[in-house]
Each structure stands twice: as structure tokens, then as C-alpha cells.
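Below is one structure, written out as C-alpha cells; comments come after it.
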Amino acid sequence: MRGFASDRYQTKVTSRDDDSVTPMRTGLTLPLLFLVASCGGEPAGLPGAHEPSASVAPEPFDPDAAANEEAALAPCGAVTAQGYCGVAFGMSAAAAAEKFPVKLNSYDGADPGVPADANHCFEMFAEPPVQGVSFMVENRKIGRIDFLTEVAKTADGFGVGASSEAIHARFGSAAMGAPNKYEPEVIDLTVIDGAAKFVFEIQDGKVRGWRAGVPPTIDYTEHCG
């Protein structure tokens with residue numbers, strides 16, 4: 001190739017069979033070697049080559065976790081249209097924190113006793129051994145409770161793991177289903193009980209999570225978002 005820098009660096013190689021002279025462009029050899037080395041990773045023997053990456057050990061499994069959670073929530077009774085475990089809809093966040101049997105932590109770091117404004121919305125999550133119970137606060141009042149735990153259930157025994165068929169059999173046409181706003185394959189099955197609502201998220205025919213509360217807080221798919 002004309003003008004290529006390697007043309008200036010040519011050597012002569014003489015064949016044993018004849019006296020012909022063959023030009024060999026050595027200027028390309030080094031760049032190609034570097035290219036191959038770069039594509040193949042670090043050469044063996046260099047510092048840092050083939051060193052195993054650090055791993056983080058998973059948290060140990062607690063075989064007593066389920067039993068401890070069940071024991072903590074045993075005094076709570078059923079989830080009703082009034083609330084759960086002494087926490088009533090319309091109650092202040094501070095009063096709810098005093099009533100619930102384990103400590104509640106605010107999701108966004110807000111102080112439940114001093115919300116930023118009257119419309120401030122935040123969530124309070126139960127600490128272990130309770131898993132999967134949270135309270136949503138809006139307008140300085142408890143408006144909703146979300147459940148991912150299998151322990152909490154309605155008076156009819158419905159909760160995580162219950163079948164949609166059983167809920168329909170109990171409530172008939174009063175159990176109204178609609179596709180989830182963000183997951184069309186999930187059905188939000190709603191049952192109205194006075195001023196309160198129970199909303200069961202149905203996936204593959206089973207309740208994967210559910211909530212109880214009063215409007216408008218109970219209707220937010222995005223929680224406080």
C-alpha cells in the first residue's frame with residue numbers, strides 16, 4: 001500500500017531453493033501482535049491475571065423466621081374493615097407505632113410525628129421478626145395496610161396463597177376483578193366492605209400480595225409514588 005509507514009521498514013529474505021528475494025513487511029508484525037494480545041486478555045504471568053473476584057456471602061437462613069413472625073403476629077387477629085392488630089384506619093402514625101407489636105420504620109426517613117405537610121405520604125415497615133407488613137400514611141392518618149406475609153389473613157381466611165376461586169366463591173359478583181395497571185397478567189380482585197376495601201393481587205390463580213384500607217390511599221397502585 002502506497003504511503004503506508006511500514007513500507008519504510010522492509011527486509012530481504014533469501015530462499016534456500018533459489019536466489020529470489022522476497023520482501024517482508026515487518027512493520028505490521030508488532031501492531032498485529034499487540035492487537036492479538038489485547039483481544040486475548042491479560043497474558044499469563046502478569047500481576048493481577050486470573051485472580052478470583054471477591055464474593056459476598058449470603059445472609060444465613062433462619063429456620064425459625066416463620067415461627068417467630070407467626071408468634072409476633074399471633075395476638076393480632078384478623079384483618080378487618082377497621083384495621084389490623086390494634087392499628088385502625090384514620091389513626092395517627094404515632095399512635096399506630098405505639099399499637100403495633102414490633103417497631104415500625106419510615107420508608108423515606110420522615111418522622112411520623114412531624115410530617116412535612118398535611119398531604120405528606122410515607123410508609124412504615126414492620127421490623128423483623130415480622131416480614132411483609134407495611135402501613136401507608138397520608139394526611140397524617142393510616143389509610144392502608146399492605147401484606148406480603150402469609151400470616152395475616154381476613155376473617156374468612158384469605159391472604160397470601162389463597163385461591164381466586166375461593167374468594168369468588170365467598171363473595172360472588174361482589175369480588176370485582178380488573179387488570180393491574182402495570183402488570184396486565186395480574187388481576188386486582190377488589191372486595192368492598194363498608195368504607196373499606198380489600199384488594200387481592202392474583203397471579204397464576206393465587207394471591208401474591210394484598211392490601212386493606214380506605215380511599216383514596218387504598219387505590220394507589222404506585223403506593224406513595
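Coordinate-derived values only; no laboratory data. Keep in mind that this is a model prediction, so the values were computed, not measured. All Cβ positions, even for glycine, are placed from backbone atoms using ideal geometry, and neighbour counts span all protein chains on display.
Applying a threshold of 24 Å to the alpha-carbon distances of 103/181; 99/141; 141/197; 103/141; 103/197 flags 103/181; 103/197 as lying beyond it. With viscosity 1.567 mPa s and temperature 4 °C, the Kirkwood radius over alpha carbon pairs of the stretch 75-219 converts through Stokes-Einstein to a diffusion coefficient of 84 µm²/s. Coupling constants for the stretch 143-156 follow from the phi torsions by the Karplus curve (6.51 cos²θ - 1.76 cosθ + 1.60, θ = phi - 60°), and in residue order they are x, 6, 10, 9, 10, 10, 6, 8, 6, 6, 9, 6, 5, 8 Hz; glycine and proline get x. The dipole here belongs to the stretch 136-225: it is taken about the Cα centre, uses +1 on the Cβ of Lys and Arg and -1 on the Cβ of Asp and Glu, and is about 320 debye.
Ordering 186, 164, 94 by the projection of their Cα atoms onto the charge dipole of the stretch 75-219, which places +1 on the Cβ of Lys and Arg and -1 on the Cβ of Asp and Glu, puts 94 at the extreme positive end. Rg over Rh for the stretch 166-221 works out to 0.94, both radii taken from alpha-carbon positions and Rh defined as the Kirkwood radius.
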